[in-house]
1. Could you list, in sequence order, all residues of the range 121-137 that are at pLDDT below 95 and within 19 Å of CYS72 (Cβ to Cβ)?
2. Mind checking whether some residue in the range 93-107 is in contact with an Asp or Glu (Cβ under 8 Å, 6 or more places away or on another chain) and more than 14 Å from THR67 (Cβ to Cβ)?
3. For the range 67-88, which residues satisfy the criterion of being assigned to a strand (DSSP E or B), closer than 21 Å to ALA45 by Cα and either small (Gly, Ala, Ser) or in contact with an Asp or Glu (Cβ under 6 Å, 6 or more places away or on another chain) (or both)?
4. Go through (1) part of a helix (DSSP H, G or I); (2) farther than 15 Å from HIS83 by Cβ one by one and return the number of the condition GLY112 breaks.
5. Among the residues of the range 99-113, which ones are exposed (fewer than 15 other Cβ atoms within 10 Å of the Cβ) and not β-branched (Val, Ile, Thr)?
6. Just checking, which of LEU22, LEU54 is in contact (Cβ under 8 Å) with a residue 24 or more places away in the chain and either of a type in the set (Gly, Ala, Ser) or surrounded by 15 or more Cβ atoms within 10 Å (Cβ to Cβ) (or both)?
7. What number of residues within the range 34-66 are of a type in the set (S, T, N, Q), more than 25 Å from GLU117 (Cα to Cα) and in a loop (DSSP other than H, G, I, E, B)?
8. Looking at the range 1-27 only, could you name the residues that are modelled with pLDDT of 80 or more and either under 21 Å from ASP71 (Cα atoms) or touching a Gly at 6+ places or on another chain (Cβ under 7 Å) (or both)?
Amino acid sequence: MELYQTTFRSISGGDLLNDGDLVNLNDLLSQLSAASPQCDNISSAQRSLNNCGLVTVRFEGALIGMTTVVDCSTLTGKRLFIHDVIVAGHHRGHGLAEEMMRVVHTHAIGAGYSRIELTSKPQREAANHLYIKLGYVLRNSETNLYCLYL
């Protein structure tokens, strides 16, 4: 069995990404979208993620998956928004996206969030099936907005 390490931290902690992650980070971003900007260095990537949470998955120390989460709390409730659930192509099919989502759920419940929201492109069929499997409700079919009420 392959060993994967999944970690959740606030970016303000500063040490979740390292200089050796730059190539893999850019590879993950390009798998998300060909139009995704590439990062010049890890320091600028961490600065752009300031005040976010990041779930990372590593295999033998290499970054092979990540999920970005953003606090979207307002006067009407404490919400968490998930961005960019990405797993490297050759590591897909091992349940890593589901594991990252469960790490986010555990964090959200522990931090007192009332719901988690995300959007997903309709053509990402496996991702959309995963969100429904995890209990997310499709709230807007035009934007594929999903909500999980905690």
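The values are calculated or read from the model by the stated rules, or taken from the named source; none is laboratory data. Just so it is clear, the structure is predicted and the values come from calculations on it, not from any experiment. All Cβ positions, glycine included, derive from the backbone under ideal geometry; neighbour counts span all protein chains shown.
1. Once the filter is applied, which keeps residues that are at pLDDT below 95 and within 19 Å of CYS72 (Cβ to Cβ), the range 121-137 yields nothing.
2. yes
3. Taking the range 67-88 and keeping what is assigned to a strand (DSSP E or B), we get 67-71, 74, 77, 79-87.
Restricting the remaining residues to those that are closer than 21 Å to ALA45 by Cα gives 67-71, 80-87.
Answer for the range 67-88, where residues must be assigned to a strand (DSSP E or B), closer than 21 Å to ALA45 by Cα and either small (Gly, Ala, Ser) or in contact with an Asp or Glu (Cβ under 6 Å, 6 or more places away or on another chain) (or both): THR68, PHE81.
4. The failed condition is (1).
5. Step one: of the range 99-113, the residues exposed (fewer than 15 other Cβ atoms within 10 Å of the Cβ) are 102, 106, 109-112.
ARG102, GLY110, ALA111, GLY112 - these are the residues of the range 99-113 that are exposed (fewer than 15 other Cβ atoms within 10 Å of the Cβ) and not β-branched (Val, Ile, Thr).
6. On inspection, the qualifying residue turns out to be LEU54.
7. Step one: filter the range 34-66 for residues of a type in the set (S, T, N, Q), giving 36, 38, 41, 43-44, 46, 48, 50-51, 56.
Now drop any that are not more than 25 Å from GLU117 (Cα to Cα), which leaves 38, 41, 43-44.
Add one more test, that the residue is in a loop (DSSP other than H, G, I, E, B), and what stays is 38, 41.
Residues that pass the stated criteria total 2.
8. The first filter runs over the range 1-27 and keeps only residues modelled with pLDDT of 80 or more, leaving 17-27.
Across the range 1-27, the qualifying residue is only LEU17.
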